[in-house]
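Just so you know, all these numbers are worked out from the coordinates, no wet-lab data involved. This one's a predicted model, so the numbers in the text were calculated from it and none came from an experiment. Note that each Cβ is placed from the backbone with ideal geometry, even for glycine, and that neighbours are counted across all protein chains shown.
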Amino acid sequence: MGKKMKAGSFFMVLLVTALMLVLAACNSSDETSSSEKSEGGSEGLPKNYPNKSIDALVGYAPGGGQDLIMRTTGQILNEEEIMKQPFVVTNKAGAGGRIASEEVAKQKDNPYKLIVIPEYGTGWDPRINLKFSDFKPIASLATSELFIYVHKDSPYETMEELLSSLKTEKDLTIGTLGPVDGGEAFKWDVIRQGAGIEKLNFVPMAGASESLTAVLGGQIDTTLGVLPVMKDYIKTGEVRVLAVLSEERSKDLPDVPTLKEAGVDVTFNRYTGIWTGGDVPDAVVNYWAENLKKMTETDTWKEFLANRGLSPYYLDTEEYTKLIETEGSKFKEYVEGLEQ
């Protein structure tokens, strides 16, 4: 009987020991999973991130404003030793930047894929197969002031005169960057509502340079412009700038009144930022937001902005996303109104 008890005790000890080993293994597994999650899951950076080149997409042609911003960003990040990995910039122009955006949306969990986006970007048009949730804005980098201008021989000397004519002269033409359901026509429509104008006559243009050429040639009466495109023509007096759409007058053109001074309480600027895919971990977004902030504080970046006629405009992820959602939602309403 005593020997049986000893044998039973022996087997009980073996059983308890085995259970303890199983529990220890489970705990170890949990700790490993937690560690892996913090390094490579949704709560943390992928392990050793970044450890290869960055796929930097531009939805517009080489040499344009968005292209130069993306290329300069990568260059400064490397030269200032903020990060070592190079930016491999790929231009996928077409459809107003949508082709490049679609690639990001298809690989929306890829933490190595970034895209440069003007203003509120893509994902707001209910007619296309892209959603804003397919993307995560990271930070804005710069902005351009928007000006309303006319030819030097235009009969409109002031913004008030132009607005008055827009109310009565239905054949007065406005050049827009892109179609009537695009972002620039949307801006003009907001101005239309603010000024109490019934209808505007849009003439779609392929780009800002084409709009300028059309103003100079008399094909259109007015359009929106940015300093990098039209500054030489302002110096020669070939165009007359009537208003700036910013909250305050431009430091570069201090004699030009704001649109608000003309009685229309509407402001816009053409800001640019960096986005990534909607399923990329927040830790990756934070990584980029912090490093982009460092980049925008360098003298090299400030010099680049000054040479391009751009202004500093860093917004962190929260501020930038809020701005995009506000303007994007209004654009969506505008497009939906056109469909009715």
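The figures follow:
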| read-out | value |
| --- | --- |
| Table column - 3J(HN,Hα) (Hz), region 115-124, Karplus curve with 6.51, -1.76, 1.60, x for Gly and Pro | 9, 8, 10, x, 6, 7, x, 9, x, 10 |
| 18 Å cut-off, amide nitrogen to a point 7 angstrom out along LEU338 Cα→Cβ, residues in region 106-129 | 118-129 |
| Over region 147-267, relative contact order from alpha-carbon pairs under 8 Å, at least 6 apart, % | 34 percent |
| Residues whose placed amide H lies under 5 Å from that of LYS136, excluding near-sequence neighbours | THR276, GLY277, GLY278 |
| Aspartates and glutamates with Cα under 15 Å of LYS108, excluding same-chain neighbours fewer than 8 positions away | ASP55, ASP134, ASP279, ASP282 |
| Cβ-derived FRET efficiency at R0 51 Å, ASP171 paired with ASN51, nearest 0.05 | 0.25 |
| Extension reserve of the ASP109-ALA206 stretch, reckoned as 0.36 nm per residue once the Cα distance is removed | 31.7 nm |
| Coil-residue GluC sites (Glu not before Pro) of region 267-340, DSSP, other Cβ within 10 Å capped at 15 | GLU297 |
| Distance (nanometres) between label positions extended 7 Å along Cα→Cβ at ASP279 and GLU248 | 4.5 nm |
| For region 147-267, the spread of Cα positions along each principal axis, largest first, Å | 34, 29, 26 |
| Given LYS167/LYS199; LYS84/LYS113; LYS170/LYS199; LYS52/LYS322, the pairs whose alpha carbons are separated by over 19 Å | LYS52/LYS322 |
| Relative contact order (%) - criterion: Cα under 8 Å, at least six apart; region: the chain | 25 percent |
